[in-house]
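What follows is a set of notes on a single structure, which appears directly below.
The values are calculated or read from the model by the stated rules, or taken from the named source; none is laboratory data. Keep in mind it's a predicted model, so treat the numbers as computed, not measured. Glycine gets a Cβ as well: all are built from the backbone with ideal geometry, and neighbour counts include every protein chain shown. What goes into the accessible areas is simple: the full protein's heavy atoms, side chains included, and nothing from ligands, DNA or RNA. Shrake-Rupley method; radii C 1.70, N 1.55, O 1.52, S 1.80 Å.
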Amino acid sequence: MTPADTVILGLNLFSQTPVHFVISGINRGPNLGFDVFYSGTVGAAMEAAMSGIPAMAVSLSIQEKLNYKVAAETALDIFLHFEETLSRQKNLVLNVNIPDVTHSDELKGWKITELADRFYFTKVQKTIQNEEFQEYVFIEEKRQIEFQSSSDYWSVVNSEVSITPLRPNLTDWLVKNELVEVLSEKNN
């Protein structure tokens, strides 16, 4: 069962009592950049949003502090601040990444961000091989990349809380229009 499945289950089992919002998380580790496509935390929030329920996905960008108290308090503040916007919008998820700090006063504020480019490559390495068994592990290699100050990654690295509005419709409208033109030319 995935986190999104648990949202489906919860919305259907508790249908006698209306669900007013879903906060998915607090995830142990960030959900930054293109990693949102693999995230169970974001997937659960997306499922809620597609079901008409305002939703947030919350992640703690783990360092060594593991300060879930600051993350929880910050997430609640963000939810209360944006609750009206979340309620008015259809299919909207706020993807919130909170830097792992000792005290909330170390946070340098909130920032509305966009997804960063992927900042690592994933490689596969064989660790064990014998006649009966083979084992592989994923190795993440950092990429040299210049991050825009508007990105979620840049914000978290700079101790800002990143708030990225996401929607489930992944259609690339600019390329779609170009493809329609190319197809139109072919058909003429």
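Observations, loosely collected:
- DSSP-loop chymotrypsin sites (Phe, Trp or Tyr not before Pro) across segment 97-182, with at most 10 other Cβ within 10 angstrom: Phe133
- Gyration tensor (Cα) of segment 44-125, equivalent ellipsoid semi-axes in angstrom: 24, 20, 11
- Sparsely packed loop sites in segment 77-136 (the GluC sites (Glu not before Pro) outside DSSP H, G, I, E and B with at most 10 other Cβ atoms within 10 Å) comprise Glu131, Glu132.
- Computed from phi, the 3J(HN,Hα) profile of segment 150-164 under the Karplus parametrisation 6.51, -1.76, 1.60 (θ = phi - 60°) reads 8, 8, 5, 4, 4, 4, 5, 4, 9, 6, 9, 6, 8, 10, 10 Hz, with x in place of Gly and Pro.
- Span-like helix check, the chain: qualifying full DSSP H segments, with Cα axial length of 27 Å or more and mean Kyte-Doolittle of -1.0 or more, are 68-88.
- In units of the rule-of-thumb radius 2.2 N^0.38 Å, segment 145-188 shows an alpha carbon radius of gyration of 1.90.
- Cα Rg over Rh - the chain, Kirkwood: 1.06
- Rounded percent of accessible protein surface that carbon and sulfur make up, segment 72-188, 1.4 Å probe: 50
- Between segment 47-117 and segment 147-188, the alpha-carbon center distance in angstrom: 20
- When each of the peptides 63-76, 1-14 is scored by the mean number of other C-beta atoms lying within 10 Å of its residues, the order from highest to lowest reads 63-76, 1-14.
- Calculated [θ] (222 nm, deg cm²/dmol) that DSSP helices of n ≥ 4 give over the chain, each run adding -39,500 (n - 2.57): -10500 deg cm²/dmol
- Across segment 34-188, the relative contact order, built from alpha-carbon pairs under 8 Å that are at least six residues apart, equals 24 percent.
- Burial ranking of peptide ranges 178-185, 97-104 (average Cβ count within 10 Å, highest at the top): 97-104, 178-185
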